[in-house]
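Worksheet: one structure, shown below.
The values are calculated or read from the model by the stated rules, or taken from the named source; none is laboratory data. Bear in mind the structure is a predicted one, so any value in this text is a computation, not a measurement. Cβ sites come from the backbone with ideal geometry, for glycine too, and all protein chains shown count toward neighbours.
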Amino acid sequence: MLLVSEHYEPSTGATAQLMSDLTNDLVALNWRVTVLTATPGPQSATKARPMVVRLNKTRSGQEVVNVFSKAVRGTSFLISSLKWCLLHSRQDDVILIVSNPPFIGLLGPLVNILKGLPYIFVFQDLFPQTAVVSGLLTASSPITNICQWLMDYICKKAAKIVVLSNSMKTKLEQHVNQINTITVIHNWAIEQALPIPISNNPFAIQHDFQHLFTIQYSGNFGRLHDLNTLLDAAVIIRERPVQFVFIGGGAKQALIDKYCKSHSLKNVLQLNYQPRDVLPYSLGACDLSTVALIPGAENNMAPCKFYGILASGKGILLIAKKNCDLAQLVLTEKIGVVIEPGESEALAENLLKLSKNPEDVQAMGMRARSLYKERFGRKRSTLAYAALLQSIQ
């Protein structure tokens, strides 16, 4: 297998860590794996690890939130990957292309035409729909129409398409006629919390919130994530013993900064992305963990943090439309609470109520962990990828 992923270890981003897990597991299953990535780092391979080719070596490795800079770097990665594939790919290679950036998918048809290699395209989110929902593109603009045509072309030429949820599959089927090529393979927990009560959690103790009812948002502060509802709730209950912890970074970092400054929020703690070896402690340093989606995002993406929350045995605070698949799963399985975007007062009321009922919160977490073991997991997803690759080899 030849994996093409702009993001890879040692990057701390979710896509990077997921793809690192996948390739290491495939090597353990006796697959010969080569990775093309733009992430700086070591390039050597061992028997237990894939060969990693680091393209765009001048890249700083720092997170880029500027859209234009992302496009430039993504284009450079596309060109470098195409050159490498034309010179070094083998006739028995199957290419797995990850849709960050989305137009990296153009590599698939080009290599298929020029070298006859089949490819699988993995949608991390559905583009250009997510760009429209986030406001980067307008629904009927010429650029949007061109992007949609390109994505349709990439899908139609692909041997297989992978999406991360059933709702993404349903949404994609509205645009792609080759329904049989679409496969749902869920992401998995990159890491999970150690079973340590928050009162004894060294991460919580280090940052001095071990005795407070804590709501955590860990991961990317992206354009598709509804932080306003969460921050408005923090303002409403800023005098109560409830702690909001934001761990990560992204496009909406400035929004958090603005709220903290404007409202002098003492109940909001901001921390950078944590190293992978710290995640078992940081993920457990809360009572509830948050997934927050702006309206329209719920069917066009599948937040990977969801799996880490389940595996960590934490109750879920989901901010999303209640009629979406994810919300219905949370409600049906009783693994958390669901709040519609904009309903900050209802959120504040629910948090205060839950802060006084720790047994209910703990029960949500126990059910979440059981659900993860029953329906999700890294091994289950790896075997699904391996079977899919084998089917087109």
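Before moving on, here are some points about what is shown:
- Exactly one residue out of F121, F127 is closer than 28 Å to H225 by Cβ, in a loop (DSSP other than H, G, I, E, B) and not polar (S, T, N, Q), and it is F127.
- Pairing each residue of segment 115-132 that is on the phi < 0 side of the Ramachandran plot and acidic (D, E) with any residue that is part of a loop (DSSP other than H, G, I, E, B) and buried (at least 24 other Cβ atoms within 10 Å of the Cβ), provided the two are 6+ apart or on different chains, yields C-beta distances under 7 Å for D125/N300.
- Top-ranked residue of segment 255-296 - restricted to ones that are among the polar types (S, T, N, Q) and closer than 27 Å to V330 by Cα, ranked as surrounded by the fewest Cβ atoms within 10 Å (Cβ to Cβ): Q270
- Filter result for S370 (among the polar types (S, T, N, Q), on the phi < 0 side of the Ramachandran plot and modelled with pLDDT of 95 or more): yes
- Among the numbered conditions (1) in contact with a strand residue (DSSP E or B) (Cβ under 8 Å, 6 or more places away or on another chain); (2) at pLDDT 95 or above, the only one that P303 does not meet is (2).
- Pick from segment 344-393, criterion among the β-branched types (V, I, T) and more than 21 Å from K322 (Cβ to Cβ), ranking: farthest from the chain's Cα centre (by Cα): I392
- Residue within segment 189-208 that is assigned by TED's automatic domain parsing to the domain that holds T382, surrounded by fewer than 16 Cβ atoms within 10 Å (Cβ to Cβ) and acidic (D, E) present: no
- The set of residues in segment 211-254 that are surrounded by fewer than 19 Cβ atoms within 10 Å (Cβ to Cβ), out of contact with any Leu (no Cβ under 9 Å at 6 or more places or on another chain) and of a type in the set (S, T, N, Q) contains only Q253.
- Only one entry in A158, A139 is more than 26 Å from D325 (Cα to Cα) and among the aliphatic types (A, V, I, L, M), namely A158.
- L107 being touching a residue at least 40 places away in the same chain (Cβ under 8 Å) and assigned to a helix (DSSP H, G or I): yes
To keep it simple, each residue is scored yes or no on (1) at pLDDT below 90; (2) in contact with a helix residue (DSSP H, G or I) (Cβ under 6 Å, 6 or more places away or on another chain).
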{"position": "S134", "(1), (2)": "yes, no"}
{"position": "P142", "(1), (2)": "no, no"}
{"position": "L150", "(1), (2)": "no, no"}
{"position": "K157", "(1), (2)": "no, yes"}
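- The residues listed here are N220, N228, N180; of these, the one that is of a type in the set (S, T, N, Q), modelled with pLDDT under 90 and in the same structural domain as C286 (by TED's automatic domain parsing) is N220.
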